[in-house]
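The structure under discussion appears below in the form of C-alpha cells.
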Amino acid sequence: MRDRDIKFLWGRSGNRCAICKLELTTDGSSETLGEMAHIVGQSRNGPRGNHDLTDRDTYDNLILLCPTHHVEIDKNHAAWPIERLRAIKADHEAWVSEQLGTGVFKVSPIDNTSFLAERKASWIEACRGEVGMVLCLTPLRVSSDTLNPLDKSVTDILEQARVPNGNQSGEQVNRYRTRPTEFGIANQDLPAPHNTCGHSIQIFSAGHCEYFCELGESVNQVTVVSKERGVDLKGASRVLRYTDLAEIAHFGLDWLAHAWRTILPFNYMTFCGAIVNTTSTTLYSREDHRKQGLHGFTVSSPILKYTEVLSKSFEKDTLLLEFLRRISNSYGLMLHRVFDDKGEYVRPEKMR
Ligand SMILES: [Zn+2]
C-alpha cells in the first residue's frame, strides 16, 4: 500500500471504524486497532474478490474498520456486498467531516513525513560524501516512547543484526559498539574502518528501526577496477556493485523483519529503503551467461528511495525483490539481467 492512500484513509475516517465509530489506533498499545479492509477483496478468491478492479490497494478501495467488523464483513460477505461498503464509507467520511466542523473531536494526524525527512538529512551527513544504503521501518505516527531502549530484549535484538563481510552468513555486530544515544540505542562503526563498510544500526525509543551501511570502500574498489578495464562509464565518477547493495538489503531486511516480529507493537509501518549520495554513480553487475560486466546509466539524483507501508505479515522476499528491482531500474538495468559474482543467495526464493 502507498503511504498517501493510508494517510487519506486514516485522516478522512477520523481514526474510527466506519461501521461502529469506535476510535482506533495504528499501533498495538491499545485494545482497539484499526484495520484497513479491502472493499473489492484483495485476492480474487477471497471475499468480494471476484471483480475486474486491478489496483486494489488504493484509498478508493479501502475502508477503515475495527477488528470485530473486519471479521464480520469477511465472514458474512453476502450481507456486506461491495456497494454497501462503499456507501458506508461515504456516509462515515461525511459524518467525520461534520464532527470535525463542530469541534466534537480532533484527529491526530498520521504523519511520519517530517521525521523521515530529518532522518534523510542525518544519513547524508553520516556518509561524509560516500555512498550509503539505509533500510528502515517507521511507525505511521512517530510520537511517544514505545520502547525502553535499555531493556535487555531491545539490546538483544540490536546485537542480533548482521553486517556484510563477504560471506553468505555475514557477521554479527560487535556488541562492544553498542551505545545508548539521544534517540534510543545504536551499534555503530562509523566512519568506516579501512577495507570494510561502516554501519550504524539503531532502535529508537519511538519504535523507528534503522539499518545503515556506508559503501565507500567497495565503491572505490569497483570504480578503480572498472577504469582499469577501460569500461565506458558514461560520465559516472563512481560505480556501485549490485551484489553489495543486494547483500546489505538482504541483511537489513532480515534484521528489520526480526525486530518487528519480536519487539515492535505496530500493525502497520512505513518501510523506506534508500541509497544516498548517488549523484554521478552507476550500477555494475554480471550479465547472465557472460563473463563481462554490465553497467547501467549514470543517475543524477542525490538519493534513490523506495517507500511502502507494510502490514506486520509482509512477505520479506517479495519486498526484497521489489526494492532491488526499483534500484536496478533506476540505473536502467532490468532485474532479470542483473547477476552477482557469488551465486544466488541474495536473490529472493521466487526468482529461482
Ligand atoms: Zn467496528
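The values are calculated or read from the model by the stated rules, or taken from the named source; none is laboratory data. Everything numeric here is computed off the predicted structure, so don't read it as measured data. FYI the Cβ positions are ideal-geometry reconstructions off the backbone, even for glycines, and counts take in every protein chain you see.
Points worth noting:
- Single match in Arg44, Arg56 (criterion: under 24 Å from Phe314 (Cβ atoms), basic (Lys, Arg), more than 13 Å from the ligand (Cβ to nearest atom) and within 21 Å of the chain's Cα centre (by Cα)): Arg56
- Figure legend. Inter-residue proximity from region 10-21: first residues farther than 16 Å from Asp74 by Cβ and at pLDDT below 90, second residues assigned to a loop (DSSP other than H, G, I, E, B) and within 13 Å of the ligand (Cβ to nearest atom), beta-carbon distance below 6 Å, spacing 6+ or different chains. Indicated pairs: Asn15/Leu24.
- Whichever residue in region 230-252 is among the acidic types (Asp, Glu) and within 25 Å of Glu322 (Cβ to Cβ) and, among such residues, is surrounded by the most Cβ atoms within 10 Å (Cβ to Cβ): Glu247
- Scanning region 119-148 for residues that are under 23 Å from Leu310 (Cα atoms), at pLDDT 90 or above and surrounded by fewer than 20 Cβ atoms within 10 Å (Cβ to Cβ) returns a single hit, Lys120.
- Of all residues making up region 198-229, the number that are farther than 29 Å from Leu137 by Cβ and assigned to a loop (DSSP other than H, G, I, E, B): 1
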